[in-house]
Amino acid sequence: FFKNDSLEKLTLLASYTVYAISCAAQQQDHPWVIFGLCAVLFAICVYAFDGKSVLDEVTFTKRGMIITAIICGVAFSAFVGIQCSFRVLAQSSPCFDFGIFSQMYYYMKETLQPLVTCERSELLSHFDVHVSPIYYLFLPMYALVPHPNTLVVCQAVMLGSGVIPLVLLCRKLSLSYRSTALFTVCYVLYPTISGGCYYDLHENKFLMPIMLWLFYFIEKNKWWGILTFASLTLLVKEDAPVYVAFVALYLILSKKDYKKGITLFLMAVAYFAVVVAYLETYGYSGIMSNRYDNFIFEKDGGLLSVIKSVLISPANAIKEVLEADPDSVGSKFGFILTTLTPLCFLPFITKKFSRYILIGPYVLVNLMPDYLYQHSVYFQYTYGSVACLLYLSVLNYSELSHKFKRITGVFALIATTLFFCGTIVHKPNYVDNYFTSKEHHDYVNETLYSIPEEASVAASSMYVTTCSQRPEVYSLDDTNYKAHPVHTEYIVLDLRYKSNRDKFETQYKTDARYELIEYRERWLAVFRCKACAEGSCND
């Protein structure tokens, strides 16, 4: 049918892409199916780009690259920011983990201290649980607009801004305008970057743009930039020194920059030692090494026991890293396919094996723990390791031949789209959820915001965020710690859930100390302490 051989090949590629996208959109969290589609896609890409291609005649200008990057960054920020904002407005953000951060910013605005009451059912600093000074970067914006939505919008914009260091990195490594634009599109469609935002605000997400800037300055060999962004990385969380340590080892082993590498490594070790000492002495529960219990075989063993077990039994370590869970959503194999296939496994396509050191965080943070959420694209634990994978992908891509650049580039663009369709497209549409029951959601928001700021509140988990702008708020649904240990002036029940409707009928409705002041069937019940209302409560 086609007289032009190249046009026939591209038509095959285009038609298969449409078919594959339609298939992927029907596969919710089935990475093996999408991997199968990608396997066929790769074969077609090899066939389509064997020899000259009409795409070689299409020019892509600097202006086109900049416009693409701007559109990608703005579109990502808008999509994620709007979805997450309506998630909050639709009362779908639980106390753990967003309610605690919303109240923490309330205290930070009022006192500059990261205090919370709903994290452990008592007043304490959030930094006694996780040391994350990086949160102060959002405080100026929150002080201007003190609302929970401000936080998720700031997070979306921050992640969208990651296209800036990515573009600069691509250009520093001499990628063409077309390839640079391609990587920006892959960035915004990459499932882990938007997927983790559906679980609200977390400090780990700062790692993505900060570490991309760090890698850019490594390529620029600018010590002030390396030092600045390595320091910011350390401030993200108590375990963030792990990323700096791996970057330091990369500088030593791959870049042969011993001075900078040793300095960063010592800086990471020193900071980690200080933070661990603080948490062990003043923290609520010390550093959370229990997520590596599958590697700890000694009683009361800590992180050193993890290292020891890996050295003693490397075969067991390999088994734990690659072992698939019965649930496909929590499968480590599924996670590997979802995170590496869209990148065409580029982090591994190099003869310079010293670069593999940057795959270390991916193995250590995401694959070694048996904690389900650390190998899921829908939570916050992927951002640092994925930043390393993206850097390795750009670095290794820059060294490929022209032919393989075309193959891997087009494959990565389409594969990222397929995995986006198989994951993010199936996430709840919170805009639609909100407007479907807008009257009820608005009633709940207005009612809860009308509770006086100085009043103490105990609320169902999904309503804690809306009630969080006050000195005292607790979660009624928290059973891990001292659930609702103190008397509060207001009790707020989320009647969308049967367990709370049972509490309403059997516990609070019959409690003589409280009176029902607001009620909407299957939505909301608000009780107030009678003695508090009369000003005679001594609790």
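The values are calculated or read from the model by the stated rules, or taken from the named source; none is laboratory data. Source: prediction; values computed, not measured. Note that we place each Cβ from the backbone using ideal geometry, even for glycine, and neighbour counts take in every protein chain shown. Just the protein is used for accessible areas: all its heavy atoms, side chains included, with ligands, DNA and RNA removed. Shrake-Rupley method; radii C 1.70, N 1.55, O 1.52, S 1.80 Å.
5 Å is the cut-off here: which amide hydrogens, built 1.01 Å from N in the peptide plane, fall below it relative to Asp494, excluding neighbours closer than 5 in sequence?
Ser460
How large is the charge dipole for the range 98-241, taken about the Cα centre, if only the Cβ atoms of Lys, Arg (+1) and Asp, Glu (-1) carry charge, to the nearest 20 debye?
Dipole magnitude for the range 98-241 comes out near 760 debye.
In the range 385-419, which residues have a backbone nitrogen under 20 Å from the label point lying 7 Å from Leu137's Cα in the Cα-to-Cβ direction?
385-392
Give me the one-decimal nm value for the distance between modelled label points at Asn429 and Ser450, 7 Å along each residue's Cα-to-Cβ direction.
Simple spin-label model gives 3.2 nm for this pair.
Just to confirm my numbers, what's the Cα centroid distance between the range 211-281 and the range 20-37 in Å?
What the calculation gives is 38 Å, centre to centre.
Let me have the 222 nm mean residue ellipticity of the chain computed from DSSP H runs of 4+ only, each contributing -39500 (n - 2.57), with the sum over all residues rounded to the nearest 500. Walk me through the numbers before you get to the answer.
Details: 23 runs with 287 residues, N = 539.
It lands at -16500 deg cm²/dmol.
Please identify the helices of the chain, taking whole runs of DSSP H, that span at least 24 Å along their own axis as judged from the Cα atoms and have a mean Kyte-Doolittle score of 0.0 or higher.
Numbers: long enough: 5-24 (28 Å, 0.72); 31-48 (25 Å, 2.28); 62-89 (40 Å, 1.42); 258-282 (35 Å, 1.16); 402-422 (30 Å, 0.94).
What comes out of the filter, once short or polar helices are dropped, is 5-24, 31-48, 62-89, 258-282, 402-422.
Convex hull over the alpha-carbon atoms of the range 122-273: what's its volume per residue in Å³?
Values: hull volume 19.4 nm³, N = 152.
In the range 122-273, the Cα convex hull volume per residue is 127 Å³.
So how do Lys62, Lys109 rank on accessible area, 1.4 Å probe, biggest first, that is with the largest at the start? Before the final figure, lay out each step's value.
Working: Lys62 115, Lys109 75 Å².
Sorted descending by solvent-accessible area, the residues read Lys62, Lys109.
Starting from the Cα gyration tensor of the range 1-80, take the square roots of the eigenvalues, sort them a ≥ b ≥ c, and report rounded, prolate or oblate (rounded when a/c is under 1.5, otherwise prolate if a/b is larger than b/c, else oblate). Write out the running numbers ahead of the final one.
On the way: a/c = 2.56, a/b = 1.08, b/c = 2.38.
Oblate, because a/c is 1.5 or more while a/b does not exceed b/c.
From the phi angles alone, apply the Karplus equation (6.51, -1.76, 1.60; θ = phi - 60°) to the range 515-522 and give each ³J(HN,Hα) in whole Hz, x where the residue is Gly or Pro.
Once θ is set to phi - 60°, the couplings for the range 515-522 become 10, 7, 10, 9, 8, 9, 4, 6 Hz.
Read phi for every residue in the range 134-142 and hand back ³J(HN,Hα) as whole Hz from Karplus 6.51 cos²θ - 1.76 cosθ + 1.60, θ = phi - 60°, with x for Gly and Pro.
Using θ = phi - 60°, the values come out as 4, 4, 5, 5, 8, 4, x, 5, 5 Hz.
Could you tell me which of rounded, prolate or oblate describes the chain, using a ≥ b ≥ c as the square roots of the eigenvalues of the alpha-carbon gyration tensor, with rounded for a/c under 1.5 and, failing that, prolate when a/b is larger than b/c and oblate otherwise? Don't skip to the end; give the middle numbers.
Details: a/c = 2.04, a/b = 1.54, b/c = 1.32.
It is prolate, given that a/c is not under 1.5 and a/b is the larger ratio.
Given the options Leu151, Thr416, Cys84, identify the residue whose Cα lies farthest towards the positive end of the charge dipole of the chain (+1 on Cβ of Lys, Arg; -1 on Cβ of Asp, Glu).
Most positive-ward Cα: Thr416.
For the chain, what % of the accessible area comes from carbon and sulfur atoms, probe 1.4 Å? Please report the intermediate quantities before stating the final value.
Values: 14380 of 23020 Å².
C and S atoms contribute 62 percent here.
Which residues' amide hydrogens lie under 5 Å from the amide hydrogen of Tyr474, considering only partners 5 or more residues apart or on another chain, with H built in the peptide plane?
For Tyr474, the qualifying residues are Val457, Ala458, Ala459.
Hey, how many Å between the Cα centroid of the range 178-193 and the Cα centroid of the range 407-430?
Each part reduced to its Cα centre gives a spacing of 10 Å.
What number comes out for accessible area per residue over the chain if the probe is 1.4 Å? Units Å², please. Provide the component values of the computation, followed by the final result.
Numbers: 23020 Å² over 539 residues.
Heavy-atom SASA per residue in the chain reads 43 Å².
Which is farthest toward the positive dipole end of the range 1-137 among Cys118, Thr59, Pro31, measuring Cα position about the Cα centre, with Cβ charges +1 (Lys, Arg) and -1 (Asp, Glu)?
Going by the charge dipole, the pick is Thr59.
Taking the Cα centre as origin and putting +1 on Lys and Arg beta-carbons and -1 on Asp and Glu beta-carbons, what dipole magnitude results for the chain, to the nearest 20 debye? Please list the in-between numbers first.
On the way: 44 positive and 46 negative charges, 533 e Å.
Using Cβ point charges on Lys, Arg, Asp and Glu, the chain gives about 2560 debye.
Roughly what % antiparallel, to the nearest 5, for the DSSP beta bridges in the chain?
Working: 13 of 19 bridges.
That works out to approximately 70 percent antiparallel.
Near Lys332, which aspartates and glutamates are there with a Cα under 17 Å away, not counting those fewer than 8 places off in the same chain?
Counting by Cα, and skipping residues close in sequence, Lys332 has these aspartates and glutamates nearby: Asp29, Asp293, Glu320, Glu323, Asp370.
Using a basic spin-label model with each label point 7 Å from the Cα along Cα→Cβ, how many nm lie between Ser174 and Glu110?
With each label placed 7 Å out from Cα toward Cβ, I get 5.9 nm.
Could you pull out every one of the lysines with an alpha carbon less than 26 Å from that of Lys9, ignoring same-chain neighbours closer than 8 positions?
The reachable lysines, counting only those whose Cα sits under 26 Å from Lys9, are Lys52, Lys403, Lys405.
Show which lysines lie in cross-link reach of Lys259 when reach means a straight Cα distance below 19 angstrom and same-chain residues fewer than eight apart are skipped.
Within the straight-line cut-off, Lys259 pairs with Lys220, Lys222.
Filter the trypsin sites (Lys or Arg not before Pro) in the range 389-497 to those in DSSP coil with at most 13 other Cβ atoms within 10 Å of their Cβ, and list the result. Working shown, then result.
Numbers: sites: Lys403, Lys405, Arg406, Lys438, Lys482, Arg496; in loops: Lys482, Arg496.
Answer in residue order: Lys482.
First select every other residue whose beta carbon is under 14 angstrom from the beta carbon of Glu453; then total the charges, Lys and Arg +1, Asp and Glu -1.
Values: positive: Lys109, Arg470; negative: Glu110, Glu454, Glu472, Glu489.
Counting the neighbours of Glu453, the net charge comes to -2.
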